[in-house]
Each structure stands twice: as structure tokens, then as C-alpha cells.
Amino acid sequence: TKREDIRNIAIIAHVDHGKTTLVDELLKQSGVFRENQEVAERVMDSNDIERERGITILSKNTAVHYKDTKINIIDTPGHADFGGEVERVLKMVNGVVLVVDAFEGPMPQTKFVLMKALELNLPVIVCINKIDRPEARPDAVIDEVLELFMDLDASDEQLDCPFVYASAKAGYAILDLTEDPQNMLPLFETILDYIPAPEGDPDADTQVLISTIDYNEYVGRIGVGKVDNGSLKVNQEAVLVNAHEPDKRNKVKISKLYEFDGLNRVEVSEAGIGSIVAISGIADIHIGDTICSPDNPVAIPFQKISEPTIAMQFIVNDSPLAGLEGKFITSRHLRDRLFRELNTDVSLRVEETETTEAFKVSGRGELHLSVLIENMRREGYEFAVSKAEVIYHEDEKGKKLEPMELVYIDVPDEFSGSVIEKLGQRKGELRNMGTSNGGYTRLEFSIPSRGLIGYRGEFMTDTKGNGIMNTIFDDYGPYKGDIQYRKQGSLIAFETGESITYGLFNAQERGTLFIGPGEKVYSGMVVGQNGKADDIEVNVCRRKQLTNTRASGSDEALKLSPPKVMSLEQCLEFIDTDELLEITPNHLRIRKKILD
Ligand code: GDP
């Protein structure tokens, strides 16, 4: 049976192409177009505390009403490789809207998510947004989108997709550029016409596959998924089963059930097939669990959550330099924050280490961990991290296997040579080379994850910020042998309060470095490229009585990032007057110098 009153869609958009504006406009206008406002079983959200505190527990889903149809809009994660999240999210929908800026055209960053949508045979509506821009070039952008579709092996039906022109900002969509713009109605109509209604058997036993987990400190874990078969009712007895855990059979009772409405969730007493629901009150609910009727539990297959490939130590900063902004963090704070992250990020692992001051955090590639680090730093946590290490496996014969990634790069033509050279040194194998739009070269490599560690920053420098790099885990493969980096390094300087200390820092080892004479040890953190290509921004904080072993958490980590200490005399011969650009108590900017 089809649920004609529901459409489940995902929106794919490059950042700034107008997804938020578009969804806001759909929300706003759906109020006007909504015909059937009263839904009998709908009761108002009872947990007012959450709303008072401004916490949206389910920020990722929105629902709008058009005519008698409810359109569930699901946000897609930006990166395709954080443990299969994209696939799981896309499994809930029957089609996607690809939003593309009418001037910029399709951007490679959204390519992976689009590729996954095409692979799952989802129909795509292309929404060329910002057509009000004076420099808009909608026709050329349509050609670029079609080229991208062909590039990604879209099917004939997918290539025959509808195009809608829009100005989310001005609040209209049109199907033809000569049309008189009025409102968003043409987009609503296209969604209703072109995206199939969800299907399922309403009389069958209940099956709800949990696709994402949300977390809220008041209600705990919240499972979100689509009702595939049967229905879900409050007070219903059910069991949780899981396709990858044959022994799992947890009896549960559905106590709270929600659907989405606008930006809110509303409590409902029952949900039928095709409905996207949120369930709270089940502490032990996990991604991939199927909620089933107790008498006939059949788990719905889902793509297994991918294993971490890379690990880093997160180390407590026990004594931030005076004036250093950010929380004073204790090991318990860091621990709580990291373990809390596990509630929503299933491809992350956090482990205790021998010391209470360091935690081993493993994830899907360096980018995955850097997103977490960045989020935590924005929240005000100050901590050090070790260099990333890859997680090796062994095959049956005991042969060492290492994670391999595919790298897709778009760079202005003039930089392709240096990218090829650098990745070659890092054991990258060039698989494909072609031209992409407007003076850009597209390169595809297969490379050990190890070879990519620390490369992103260099890549941005080498391409003057104009390169685009996407990576995706490929598979474990035979160890590719040691990587011989060319000897290169940066001169850095630290103000220690009494004097300035200089040190040599290997540019490849983005992460913590330890420096300082004698007992006084200072650690610095390369936190990012600072605008101009050659500047590196360093955050410095002092660690009291730090020994190298404790700093790194383990001997293993120490081997990977040995302390780099040089005396001032040793350093002086390398120092040019313009080396040190700026220095404040907790910040310094230096000019990178390559020493061959
Ligand atoms: P998101 O990052 O994809 O969610 O993009 P936003 O919705 O935040 O939009 C990014 C910027 O583009 C904002 O400054 C918007 O005001 C602007 N914008 C969005 N839609 C349009 C449009 O149709 N026309 C124009 N001219 N600007 C738009």
C-alpha cells in the first residue's frame, strides 16, 4: 500500500547554495497552503522544559504540509564517509532535491552524497536556486549538473529529472524561465508528482528500522526511523532485533512516540507506514535495530556501521597559560564530553588509556576526528592531540593490512603537478586524471590512509586555498611500505614568559609538538592555516612538569611524535627576521620555512 499523504525527501546542497533559506520558505508558505490543519491524534509536546531551554532535540528533520500531504525533509550529512550515515539517512527517503546555486553550479563537495543517492536509484529533482542573482547562468548550470550525473553513472530516468528554477530568497519557484514568478507552489507540486509516496504493508507485523540516534540530556537516547511495515502505537509491546546481532532480542514498550511537524516534533499515539518517527524512552536503542512485533520479529538488513580506521590521543591540558580563553578542563570533563559524543556518532570509538589524562579516540579518517576536535574547541574545550595513527589489521596469514582511501581532487590546472608529486611521495597511486570545469583538473588517487595524515593542510597551502579534496574509505589492503618524507620543517617560536624559544617542527606532523629547555616543557598545537598560504597559526599552552611519556599517553604515541627540541643557538642559523610574524601570550604566527 502507498501512503499518498506522505513524501519523504532529502535535500542535498553545497553549503551556501540556499538550503536553509529554501526550507524556511517552504515552511512559511506551507502554512498558507495547508488545507487540513487538524490531525486528531496529534497532541502537543509535553516536554516544555526542552522548549524553554531552546533545545531542539531533533534538529535534523523538518516536515511541511502541502495540500493534504506531509513532506518530511531530512538533512543529509555533509561528508559521505562517517560510518555509512549517508546511506542510512537516504534509506528513509524516496527521492532527493539537489539544490544548486545558479551562478556557482554544482560543487564537488556534494558529489559523494549525490553519488550515493543515484546508486540507491532515488529520483532527483534539481532545484537551480538564486536565479534572481544578476550573474545567474541557469542554462549552463543545468548542463553542468547533467554532466555530473553522467559522470556518476546516473540512470536514464535519473537523467530525465525535472528542473525547477527558484529564488528561495524571493520565495518563488518556476518551471520555465519565462514564467511569471509567484510562490513555491511549482516546487511543492513537483515533489508531489515526481517523488513516489512511501510504500509498505499496513497490516503486516511492525517493522521500524532505526536509522539515526539523537540524544538529549533530559530524555536520553532517541531513535529515529521510518515505519516500514505495520504500525507503531504508544504502549505497544515490541522487541528490538538487529540484522548484525543475531542474538539481540530486547523486549521494549513504546512509551513516547513523535512525528515531525515544522521544526518541532509532536507526540503522537500512533504512526503508520511511511511515517518518520522518533522514539524516546528506550535506553538501549541503537542504529540498525528494527522495532518489531513480539510474535514475528524480522530484522531489516542495513549497511553495517563502518569500523574506525584512524586513532588519536586526546590529552588533557591541565594548566592553561594565563589568559588562555576556554574551559579549564579536567580529565573527567574531557572524558564526559568524549563519551557523550558516542551517543550520536556510531562510527566513533573512545577508549581509556594507561593514564587518566589521555583518551584514545578512533574514527573514520582524519577528517572525521578533526571535525570533532574543531567542534569541541568551539565549545571551549582546550586539549592537546597526538598525531593520528592508522589502525592496522591482519589477514589470515598474519600479513599486515592497512586502510586505503580513494581521494578525489579538483585543482586549478597549474597546481596539479605539485599535488601529483606530493601524493606520489605519500604512496598515492594516480588512478584517473581529467579536466573538470573552468581550468580545473580532476585527479583520483588510491592511497594508504597513513599517507593522507597531515596532508589536508599542505594541500590547502599548495593550492592557495583553491583545491577541493574529498576522501572516502576504500578497503583494507596490503601494507604499502614505509613512506619517506622529504626532510622539511618549520621554524617556530614560543614565548615562554621569560624568553622566546625556537624549535624545529616537522610540517607533516600536524598535531601536538613539545618544546622547551630542561624541565619547562611547553606544548603547542598547530590549529590551522591562517589565511595566507605560508602562515601557520599555533596555539601554545604550558604543561606543568610534563614528561614526554605522559604527554603522549603511551610509548607508542611517543615514537610517532617525538619531542622536537632545539636550543636557541641551534635554531638561530635558520632564523630570518621575518620568520616570526606575531606573538601574543597564547598565540603566535610564524612563517613556514622549508628546510631541505
Ligand atoms: P545553506 O548553507 O545552503 O543553508 O544556505 P543559506 O540558506 O544559508 O543561504 C546562503 C546565502 O545565500 C544567504 O546569504 C542567503 O540569503 C542567500 N540566498 C539563499 N537563497 C537565495 C536566492 O534565491 N537568491 C539570492 N540572491 N540569495 C540567496
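Scan (1) within 21 Å of residue 74 (Cβ to Cβ); (2) at pLDDT 95 or above for the single condition residue 240 breaks and write down its number.
Status for residue 240: all satisfied but (1).
If a residue counts only when it is within 16 Å of the chain's Cα centre (by Cα), which strands (runs of 3 or more DSSP E) contained entirely in the stretch 344-407 have at least 1 such residues? Even if it seems obvious, please write down each step before you answer.
Working: elements: 349-352, 358-363, 383-385.
Here the list reads 349-352, 358-363.
Considering the stretch 235-253 alone, what residues qualify as being in contact (Cβ under 8 Å) with a residue 60 or more places away in the chain and crowded, with 16+ Cβ neighbours inside 10 Å? Explain how you work it out, then say what you get.
Within the stretch 235-253, the first condition is being in contact (Cβ under 8 Å) with a residue 60 or more places away in the chain, and the residues that meet it are 244.
Of everything in the stretch 235-253, nothing turns out to be in contact (Cβ under 8 Å) with a residue 60 or more places away in the chain and crowded, with 16+ Cβ neighbours inside 10 Å.
Starting from the stretch 11-22, take each residue that is among the basic types (Lys, Arg) and list its partners that are in a strand (DSSP E or B) and within 6 Å of the ligand (Cβ to nearest atom), counting only C-beta distances under 7 angstrom and pairs at least six apart or across chains.
Close Cβ pairs (under 7 Å, with a partner that is in a strand (DSSP E or B) and within 6 Å of the ligand (Cβ to nearest atom)) amount to 19/13.
Pull out all pairs, ordered by first then second residue, where Cβ-Cβ is under 7 Å, the residues are six or more apart or on different chains, the first lies in the stretch 85-112 and is hydroxyl-bearing (Ser, Thr, Tyr), and the second is crowded, with 23+ Cβ neighbours inside 10 Å.
These pairs meet every condition: 110/12; 110/13.
Pull out all pairs, ordered by first then second residue, where Cβ-Cβ is under 9 Å, the residues are six or more apart or on different chains, the first lies in the stretch 409-431 and is at positive phi, and the second is buried (at least 21 other Cβ atoms within 10 Å of the Cβ).
Final answer for the pair search is 427/447; 427/448; 427/450; 427/451.
Restricting to the stretch 259-284, what's the tally of residues that are of a type in the set (Val, Ile, Thr), outside any loop (DSSP other than H, G, I, E, B) and crowded, with 22+ Cβ neighbours inside 10 Å?
Taking the stretch 259-284 first, the residues of a type in the set (Val, Ile, Thr) are 266, 268, 273, 276-277, 279, 282.
From what is left, the residues that are outside any loop (DSSP other than H, G, I, E, B) are 266, 276-277, 279.
Subset that is crowded, with 22+ Cβ neighbours inside 10 Å: 276-277, 279.
Residues meeting the conditions: 3.
Which of the residues spanning the stretch 146-174 are within 16 Å of the ligand (Cβ to nearest atom) and either of a type outside the set (Lys, Arg) or in contact with a Cys (Cβ under 8 Å, 6 or more places away or on another chain) (or both)? Break it down stepwise before answering.
Let us first name the residues in the stretch 146-174 that are within 16 Å of the ligand (Cβ to nearest atom), namely 163-174.
Listed by number, the residues that qualify are 163, 164, 165, 166, 167, 168, 170, 171, 172, 173, 174.
Out of 287, 305, I need the residue that is surrounded by fewer than 21 Cβ atoms within 10 Å (Cβ to Cβ), among the β-branched types (Val, Ile, Thr) and in contact with a helix residue (DSSP H, G or I) (Cβ under 9 Å, 6 or more places away or on another chain). Which one? Reasoning before the result, please.
Working: 287 fails: surrounded by fewer than 21 Cβ atoms within 10 Å (Cβ to Cβ).
Matching residue, one of 287, 305: 305.
Looking at (1) in contact with a strand residue (DSSP E or B) (Cβ under 7 Å, 6 or more places away or on another chain); (2) free of Cβ contacts under 8 Å to residues at least 60 places away in the same chain; (3) closer than 13 Å to residue 316 by Cα, which one does residue 357 not meet, given that it meets all the others?
Among (1) in contact with a strand residue (DSSP E or B) (Cβ under 7 Å, 6 or more places away or on another chain); (2) free of Cβ contacts under 8 Å to residues at least 60 places away in the same chain; (3) closer than 13 Å to residue 316 by Cα, the lone unmet condition for residue 357 is (2).
Just give me the residues in the stretch 208-233 being over 22 Å from residue 198 (Cα atoms) and either without any contact (Cβ under 8 Å) to a residue 60 or more places away in the chain or among the hydroxyl-bearing types (Ser, Thr, Tyr) (or both), in sequence order. Walk me through it before giving the result.
Going through the stretch 208-233, the residues over 22 Å from residue 198 (Cα atoms) turn out to be 214-222.
Passing the criteria: 215, 217, 218.
Looking at the stretch 126-149 only, could you name the residues that are closer than 15 Å to residue 14 by Cα and of a type in the set (A, V, I, L, M, F, W, C)?
Within the stretch 126-149, the subset closer than 15 Å to residue 14 by Cα is 126-130, 141, 144-145, 148.
Within the stretch 126-149, 126, 127, 128, 141, 145, 148 meet the criteria.
Exactly one of (1) touching a residue at least 40 places away in the same chain (Cβ under 8 Å); (2) crowded, with 16+ Cβ neighbours inside 10 Å is unmet by residue 256. Its number?
Of the numbered conditions (1) touching a residue at least 40 places away in the same chain (Cβ under 8 Å); (2) crowded, with 16+ Cβ neighbours inside 10 Å, the odd one out for residue 256 is (1).
Checking the conditions here, which among 199, 179 is within 16 Å of the ligand (Cβ to nearest atom), surrounded by fewer than 17 Cβ atoms within 10 Å (Cβ to Cβ) and not small (Gly, Ala, Ser)?
Working: 199 fails: within 16 Å of the ligand (Cβ to nearest atom).
Result: 179 is the single residue among 199, 179 that is within 16 Å of the ligand (Cβ to nearest atom), surrounded by fewer than 17 Cβ atoms within 10 Å (Cβ to Cβ) and not small (Gly, Ala, Ser).
Could you tell me whether any residue of the stretch 343-353 is farther than 30 Å from residue 229 by Cβ and either loosely packed, with under 15 Cβ neighbours inside 10 Å or modelled with pLDDT under 85 (or both)? Even if it seems obvious, please write down each step before you answer.
Here is the first cut: in the stretch 343-353, the ones farther than 30 Å from residue 229 by Cβ are 348-353.
Next, only the ones that are either loosely packed, with under 15 Cβ neighbours inside 10 Å or modelled with pLDDT under 85 (or both) stay: 351-352.
Yes; the residues of the stretch 343-353 include at least one that is farther than 30 Å from residue 229 by Cβ and either loosely packed, with under 15 Cβ neighbours inside 10 Å or modelled with pLDDT under 85 (or both).
Let's see how each residue does on (1) in contact with a strand residue (DSSP E or B) (Cβ under 6 Å, 6 or more places away or on another chain); (2) within 14 Å of the ligand (Cβ to nearest atom); (3) modelled with pLDDT of 85 or more; (4) not β-branched (Val, Ile, Thr):
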| position | (1), (2), (3), (4) |
| --- | --- |
| 32 | no, no, no, no |
| 47 | no, no, no, yes |
| 51 | no, no, no, yes |
| 58 | yes, no, no, yes |
| 62 | yes, yes, yes, no |
| 85 | no, no, no, yes |
| 98 | yes, yes, yes, yes |
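Failed condition for residue 510, given (1) at pLDDT below 80; (2) outside any strand (DSSP E or B); (3) more than 26 Å from residue 306 (Cα to Cα), with all others met?
(3)
Having 3 or more residues that are hydroxyl-bearing (Ser, Thr, Tyr) is the bar; report the strands (runs of 3 or more DSSP E) wholly within the stretch 154-240 that clear it. First the steps, then the outcome.
Values: elements: 163-167, 172-174, 207-216, 220-229.
Because the criterion is at least 3 residues that are hydroxyl-bearing (Ser, Thr, Tyr), the strands (runs of 3 or more DSSP E) in the stretch 154-240 that meet it are 207-216.
Going through the stretch 103-137 one residue at a time, which ones are within 12 Å of the ligand (Cβ to nearest atom) and at pLDDT 95 or above? Step through it out loud before you land on a result.
Filtering the stretch 103-137 down to residues within 12 Å of the ligand (Cβ to nearest atom) leaves 103-104, 107, 109-110, 127-136.
Within the stretch 103-137, 127, 128, 129, 130, 131, 132 meet the criteria.
Given the structure, is residue 15 under 28 Å from the mean Cα position of the chain (by Cα) and either at pLDDT 80 or above or surrounded by 20 or more Cβ atoms within 10 Å (Cβ to Cβ) (or both)?
no
Return the only residue of 429, 389, 379, 405 being surrounded by 13 or more Cβ atoms within 10 Å (Cβ to Cβ) and closer than 30 Å to residue 316 by Cβ.
Working: 429 fails: closer than 30 Å to residue 316 by Cβ; 379 fails: surrounded by 13 or more Cβ atoms within 10 Å (Cβ to Cβ); 405 fails: closer than 30 Å to residue 316 by Cβ.
After ruling out the rest, the residue left standing is 389.
The values are calculated or read from the model by the stated rules, or taken from the named source; none is laboratory data. Just so it is clear, the structure is predicted and the values come from calculations on it, not from any experiment. Don't worry about glycine lacking a Cβ; one is built from the backbone with ideal geometry, like all the others, and counts go over all protein chains shown.
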